[in-house]
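Worksheet for the structure shown next.
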Amino acid sequence: MMEQNRPNGTLRHLLTLEGMPKTQIEALLTRARKFVRPIGEAPVHTHSLAGITVANLFTEPSTRTRVSFELAAKRLGADVVNLEVQLSSRVKGESMLDTIYTLEACHVDVFVIRDAETGVHELVASHVKPHASVLSAGEAHVAHPTQGLLDALTILQAKDRFDGLKVAIVGDVRHSRVARSAWHALTTLGVAEIRIVAPRALMPPAGEFAGCERFNSLDTGITGVDVIMMLRIQKERMETAAIPDADRYFQKFGLSAERLAKAKPDAIVMHPQPMNRGIEIASDVADGPQSVIKDQVRNGVAVRMAVLEAVIEGRGP
Amino acid sequence: MMEQNRPNGTLRHLLTLEGMPKTQIEALLTRARKFVRPIGEAPVHTHSLAGITVANLFTEPSTRTRVSFELAAKRLGADVVNLEVQLSSRVKGESMLDTIYTLEACHVDVFVIRDAETGVHELVASHVKPHASVLSAGEAHVAHPTQGLLDALTILQAKDRFDGLKVAIVGDVRHSRVARSAWHALTTLGVAEIRIVAPRALMPPAGEFAGCERFNSLDTGITGVDVIMMLRIQKERMETAAIPDADRYFQKFGLSAERLAKAKPDAIVMHPQPMNRGIEIASDVADGPQSVIKDQVRNGVAVRMAVLEAVIEGRGP
Amino acid sequence: MMEQNRPNGTLRHLLTLEGMPKTQIEALLTRARKFVRPIGEAPVHTHSLAGITVANLFTEPSTRTRVSFELAAKRLGADVVNLEVQLSSRVKGESMLDTIYTLEACHVDVFVIRDAETGVHELVASHVKPHASVLSAGEAHVAHPTQGLLDALTILQAKDRFDGLKVAIVGDVRHSRVARSAWHALTTLGVAEIRIVAPRALMPPAGEFAGCERFNSLDTGITGVDVIMMLRIQKERMETAAIPDADRYFQKFGLSAERLAKAKPDAIVMHPQPMNRGIEIASDVADGPQSVIKDQVRNGVAVRMAVLEAVIEGRGP
């Protein structure tokens, strides 16, 4: 694990929430709260990134996370460029770094990277010049740290605390960067009980998610919890789990209103999106009063503004 | 048909010109005129959309209409994000709306949508929160309202009136959203006589374009008119019309200089672009003194600035 | 060759460096130097292009040159739109120009065009209105004038002069627009000796690169030179040159540290990127103390800012 902080202790890169000190996570959440506005109200605009250049390097042009980062950067006054690139650390590692060096020489300050391969983010972060920062917008199944932060912020807004909460993470945990980053954040922030609910074949390997109780039954897994974090299921993963089709998945692991009643009455329902409605979550639950799914998205922009501001501010004057 | 106006009577969505009151169309044209500058002069820049976020959702990244909307929004000071998305209202209606909700939660105020399917625009408009607006940048064969407005503005600039004008719409009217929006606008604005000129197979269904005289001969159809609106013909539609090739199409429905002489001497020639030169229109006509085709494009940016400004201003302070 | 200057002598288009007067090249380099900042320092931001609109027309969305132009324009305060278009001057010449006219009617002031076909740039430049400018971002194998300028600037920064320098251009010179623009710039600026080093099959035709000595041996070709400009080799071109594979190419025409020792001790190594490390250049050379490859990229943004500022400033008040 590489050092994400500068020698002066400020955040430089954000690649993972694993091992990030509680105070640092809390500081980012506090900073993010400044940027949260209700949907329908004007978003915050500042000039704190004036003169700064942010490059979004995504393998697909149209992801929602790209838009969230793009708007976060623009609303802080940054110049933004979007590139659709397939980074690859293995065979063509050096040519990948040449792309990064080229952007760095164009005075790009912040690299926002999404990549399906592990290790690309860290490789880039370990090679850019001291003034530059790398922010992960998703790394394989490993990490999605801004998602972890926005999930934590959403829980905090709803519950006003982390200690004593019971959280269930439900679905294809094995392949989920969302689950891993949430687990890192919530564990550090003091959530008492995190449960993993998944078909056997989609359980994470034994060594991971230490301390989490594991459930193969959704009904049992969510009983009495405060927070239900649903994950997206890919069709090909149902096969892995020997679940014949979407209907059968919904019967076993889909969150219906009936099932939701097993959680605490004031439990909140989360989903990182995009949702497979009717497969991992019923529409009436996704749109129901316990759902905070739109809050997650709204908090996503705020969290990304906070992270961008933090890494630039931390460079010093 | 859904309500496009807010309860306070201001324009909220622009999905169609059908049924829009004359005074409202006139007000948009008046507002647009403020933004018109001759090609080669500096375009108007304002801050009236400062803090506002516009999302362009197009199925193709490189359309001219996207650029026109993008520049309109930027010149009013808005933040703009482009997404290349395939929206679909049928099977995946809810997942489509989730994309919209995500953008809404990112504080997108205006959704500019082009889609090949009918009904997507209205579905989105009926689901976004009260502060958000949906502007159609083209809907199947049904509507292209900003095109209709820019066509009306172009005619007004050239003729300084609508009453008493004779207008011929020529080509594949059946499949044309441009023709439909022009017809809605011009009818409301008081154009006395609108003629449809098309091969039999490309005539609109009987119930549509009420009150328009229909012509299968271009020569007859444009005789004595003040305005000729040419439409783009798709190759596959020639087959539908049993016209063997482009040459033959030009012979029967192409606007040559010779034919143009049958219209009034001061008739203007319009085309929504992109043109098939030598197929539906001769190059010397497209570039000739009676052509106002470039004016249409220039007016397009002005009309889009007007519509953007109107829908935001109408939200009130 | 079309006139690139306005009647008042200011630069209007930049399509080629061929025939550009020495004073004009020097003025652009001087202007560019104002914009150069060390990598890691804040780039220059001005408002000199406020109100100006720049359209980037590239055949591929993700080229580094597009990003360089985009950032140059944004840092001068321009509005920028990106279009991915396949221009083609031959059959569809007029439809290509219609795209340009459409953008012009949207008040685009500067067209930055990259195209794989010769002649497109000149065709566009000869048809746009007097206020508009065309900047080549690469034309087939013919010209890449901003690359030529940034190469000249990089040499000037390192050597502080042009006269008396010996420069070797190495690799697939035959198909290289980089080589041609460098040759035009350096010849005009007074470089005494330019050498072409290439496999026989990749030598330019006899009439081109007049006055350059030609070498088929890299060792001989770079002996005693001040500047080595390496070019990118395409795999299919190795076949043309009857070189069986990348290893063999490296043995014959790859710049290794050992070979570099044949040049002057203070010789600089350049490459336009993207590099094939281990094929035309060894990694330790690309990253070594004599490499100025990152300086080239950094200078690229500065040169593009200078050119953009010059063509707009030259329009007069």
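The values are calculated or read from the model by the stated rules, or taken from the named source; none is laboratory data. Fair warning: this is a prediction, and the values are worked out from it, not measured in the lab. Every residue, glycine as well, gets a Cβ built from its backbone with ideal geometry; the counts of neighbours run over all protein chains shown. These area figures cover heavy atoms from the full protein model, side chains too; ligands, DNA and RNA do not enter into them. Shrake-Rupley method; radii C 1.70, N 1.55, O 1.52, S 1.80 Å.
The table below gives the values:
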{"read-out": "Total residues in the stretch B:209-218, condition open to solvent by less than 60 Å² (accessible area, probe 1.4 Å) and within 21 Å of the chain's Cα centre (by Cα)", "value": "2"}
{"read-out": "Hits in the stretch C:138-186 - residues which are free of Cβ contacts under 8 Å to residues at least 24 places away in the same chain and either basic (K, R) or buried (at least 24 other Cβ atoms within 10 Å of the Cβ) (or both)", "value": "C:R161"}
{"read-out": "Index of the failed condition, A:K34 passing every other in (1) basic (K, R); (2) within 12 Å of chain C (Cβ to nearest Cβ); (3) over 20 Å from C:V67 (Cα atoms)", "value": "(2)"}
{"read-out": "Residues being aliphatic (A, V, I, L, M) and either free of Cβ contacts under 8 Å to residues at least 60 places away in the same chain or open to solvent by less than 40 Å² (accessible area, probe 1.4 Å) (or both) - total across the stretch A:1-12", "value": "2"}
{"read-out": "Residue in the stretch B:114-129 that is at pLDDT 95 or above, aliphatic (A, V, I, L, M) and touching a Ser or Thr at 6+ places or on another chain (Cβ under 6 Å) present", "value": "no"}
{"read-out": "Any hit, the stretch C:137-158, residues being in contact with a Gly (Cβ under 6 Å, 6 or more places away or on another chain) and more than 14 Å from every other protein chain (Cβ to nearest Cβ)", "value": "yes"}
{"read-out": "Unique residue being closer than 23 Å to C:G51 by Cα, more than 13 Å from chain B (Cβ to nearest Cβ), open to solvent by 10 Å² or more (accessible area, probe 1.4 Å) and touching a residue at least 60 places away in the same chain (Cβ under 8 Å) when the list is C:R66, C:R75", "value": "C:R66"}
{"read-out": "Qualifying residue in the stretch C:174-183 (condition: part of a loop (DSSP other than H, G, I, E, B) and not hydroxyl-bearing (S, T, Y))", "value": "no"}
{"read-out": "Tally of residues being within 19 Å of the chain's Cα centre (by Cα), among the basic types (K, R) and under 27 Å from B:G316 (Cβ atoms) across the stretch B:109-167", "value": "0"}
{"read-out": "A:G40, sole failed condition from (1) over 17 Å from the mean Cα position of the chain (by Cα); (2) open to solvent by less than 50 Å² (accessible area, probe 1.4 Å); (3) without any contact (Cβ under 8 Å) to a residue 24 or more places away in the chain; (4) within 30 Å of C:V36 (Cα to Cα)", "value": "(4)"}
{"read-out": "Qualifying residue in the stretch B:219-228 (condition: at pLDDT 95 or above, within 18 Å of the chain's Cα centre (by Cα), open to solvent by 10 Å² or more (accessible area, probe 1.4 Å) and not assigned by TED's automatic domain parsing to the domain that holds B:F58)", "value": "no"}
{"read-out": "Residues of the stretch B:275-308 that turn out to be open to solvent by 20 Å² or more (accessible area, probe 1.4 Å), part of a helix (DSSP H, G or I) and more than 9 Å from chain C (Cβ to nearest Cβ), as a count", "value": "1"}
{"read-out": "Hey, C:D98 open to solvent by 10 Å² or more (accessible area, probe 1.4 Å), charged (D, E, K, R) and under 18 Å from C:A132 (Cβ atoms) or not", "value": "no"}
{"read-out": "Subset of the stretch A:188-202 [touching a residue at least 40 places away in the same chain (Cβ under 8 Å) and surrounded by 16 or more Cβ atoms within 10 Å (Cβ to Cβ)]", "value": "A:T188, A:L189, A:V197, A:A198, A:P199"}
{"read-out": "Residues located in the stretch A:26-35, provided they are under 17 Å from the mean Cα position of the chain (by Cα) and open to solvent by less than 40 Å² (accessible area, probe 1.4 Å)", "value": "A:L28, A:L29, A:A32"}
{"read-out": "Hits in the stretch C:127-163 - residues which are of a type in the set (S, T, N, Q) and in contact with a His (Cβ under 9 Å, 6 or more places away or on another chain)", "value": "C:S133, C:S136"}
{"read-out": "Among (1) outside the structural domain of C:L150 (by TED's automatic domain parsing); (2) in contact with a helix residue (DSSP H, G or I) (Cβ under 6 Å, 6 or more places away or on another chain) - the single one C:E309 does not satisfy", "value": "(2)"}
{"read-out": "Some residue of the stretch A:277-287 being in contact with a strand residue (DSSP E or B) (Cβ under 8 Å, 6 or more places away or on another chain) and polar (S, T, N, Q)", "value": "yes"}
{"read-out": "Conditions (1) within 30 Å of C:V112 (Cβ to Cβ); (2) touching an Asp or Glu at 6+ places or on another chain (Cβ under 6 Å); (3) open to solvent by 50 Å² or more (accessible area, probe 1.4 Å); (4) at pLDDT 95 or above: number failed by C:K264", "value": "(1)"}
{"read-out": "Residue pairs meeting the criteria (Cβ under 8 Å; at least 6 apart or on separate chains; first on the phi > 0 side of the Ramachandran plot, in the stretch A:275-301; second in a loop (DSSP other than H, G, I, E, B) and buried (at least 23 other Cβ atoms within 10 Å of the Cβ))", "value": "A:G278/A:G254"}
{"read-out": "Residue in the stretch B:102-125 that is within 16 Å of B:L14 (Cα to Cα) and touching a Lys or Arg at 6+ places or on another chain (Cβ under 7 Å) present", "value": "no"}
{"read-out": "Residue in the stretch C:78-88 that is nearest to the other protein chains (Cβ to nearest Cβ), counting only those that are open to solvent by less than 20 Å² (accessible area, probe 1.4 Å) and modelled with pLDDT under 95", "value": "C:L83"}
{"read-out": "B:L49 in contact (Cβ under 8 Å) with a residue 40 or more places away in the chain, touching a helix residue (DSSP H, G or I) at 6+ places or on another chain (Cβ under 7 Å) and more than 9 Å from every other protein chain (Cβ to nearest Cβ)", "value": "yes"}
{"read-out": "Some residue of the stretch C:13-25 being small (G, A, S) and open to solvent by less than 60 Å² (accessible area, probe 1.4 Å)", "value": "no"}
{"read-out": "Candidate set from the stretch A:110-132 (those that are open to solvent by less than 10 Å² (accessible area, probe 1.4 Å) and either over 19 Å from A:D98 (Cβ atoms) or of a type in the set (A, V, I, L, M) (or both)); member that is nearest to the other protein chains (Cβ to nearest Cβ)", "value": "A:A132"}
